[in-house]
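Since the structure comes first, as structure tokens, the remarks are kept for the end.
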Amino acid sequence: MKNAPPRIAIVWRGDRQARRAATPQNNRFHRIFEELAAVGLAPEPAVFDEEFADEVLEQLRAVDAVLVWVNPLDDGKTRKILDPLLRQVARLVARRGNRRPR
């Protein structure tokens, strides 16, 4: 049985509708999705907002790596919630090591 490719979440800020509708093809990062897929990785969108931070946390806990494009200040919003969430995910990944959840 072949192992699944490593999953890479690409995080950017958006609202709930953007999260629901996000695909690797319909956003400004589509070329990054294409390039990651071309080298055998499995990139997936992870649209973030404080309103649904718990959903994003659950998603990020299940991936192998995270790329984040969220400005420190954006439309009056900060990374006050996102940064601790990312630290929590990093601790989980560090404990998990090479053992990927499946």
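The values are calculated or read from the model by the stated rules, or taken from the named source; none is laboratory data. Keep in mind it's a predicted model, so treat the numbers as computed, not measured. Here the Cβ positions follow ideal geometry from the backbone for every residue, glycine too, while neighbour counts run over all protein chains shown. Keep in mind that these areas ignore ligands, DNA and RNA; they rest on the heavy atoms of the full protein, side chains included. Shrake-Rupley method; radii C 1.70, N 1.55, O 1.52, S 1.80 Å.
Take every DSSP beta bridge whose two residues both sit in the chain, then give the antiparallel share in percent to the nearest 5. Each step should come with its number before you reach the end.
Working: 2 of 14 bridges.
Rounded to the nearest five, the antiparallel share is 15 percent.
What number comes out for accessible area per residue over the chain if the probe is 1.4 Å? Units Å², please. I get 65 Å² per residue for the chain. Close amide-amide hydrogen proximity is noted between Val68 and Val11, each under 5 Å apart and 5 or more residues distant or on a separate chain (H modeled in the peptide plane; Pro and chain starts excluded).
Sequentially through the range 21-31, phi angles give Karplus couplings (6.51, -1.76, 1.60; θ = phi - 60°) of 8, 5, 9, x, 9, 10, 9, 5, 9, 4, 5 Hz, Gly and Pro residues having no value and appearing as x. The simple Förster model, with R0 at 25 Å and r as the Cβ-Cβ distance, assigns Glu35 and Thr78 a FRET efficiency of 0.25.
Would you work out what percent of the accessible area of the chain, with all protein chains in place, is carbon or sulfur (probe 1.4 Å)?
Values: 3520 of 6590 Å².
For the chain, the apolar C and S fraction of the accessible surface comes to 53 percent.
Rounded to the nearest 10 degrees, what's the angle between the helix 82-96 long axis and the longest principal axis of the chain, both from Cα atoms, 0 to 90? Tilt of helix 82-96: around 20 degrees. Across the range 36-51, coupling constants 3J(HN,Hα) worked out from phi with the 6.51/-1.76/1.60 Karplus curve, θ = phi - 60°, read 5, 5, 5, 9, x, 9, 10, x, 9, x, 9, 5, 10, 8, 4, 4 Hz, and Gly and Pro carry x.
Could you tell me the calculated FRET efficiency between Arg20 and Ala94, based on Cβ-Cβ distance and R0 = 22 angstrom, to the nearest 0.05?
On the way: r = 31 Å, r/R0 = 1.41.
Computed FRET efficiency for Arg20 and Ala94: 0.10.
Normalised by residue number, the volume inside the convex hull of the Cα atoms of the range 1-87 is 104 Å³ per residue.
Rounded to the nearest whole Hz, the Karplus-based 3J(HN,Hα) values (6.51 cos²θ - 1.76 cosθ + 1.60, θ = phi - 60°) of the range 56-73 follow the sequence 5, 4, 4, 5, 5, 5, 9, 9, 9, 7, 9, 10, 10, 10, 10, 5, x, 10, with x at glycine and proline.
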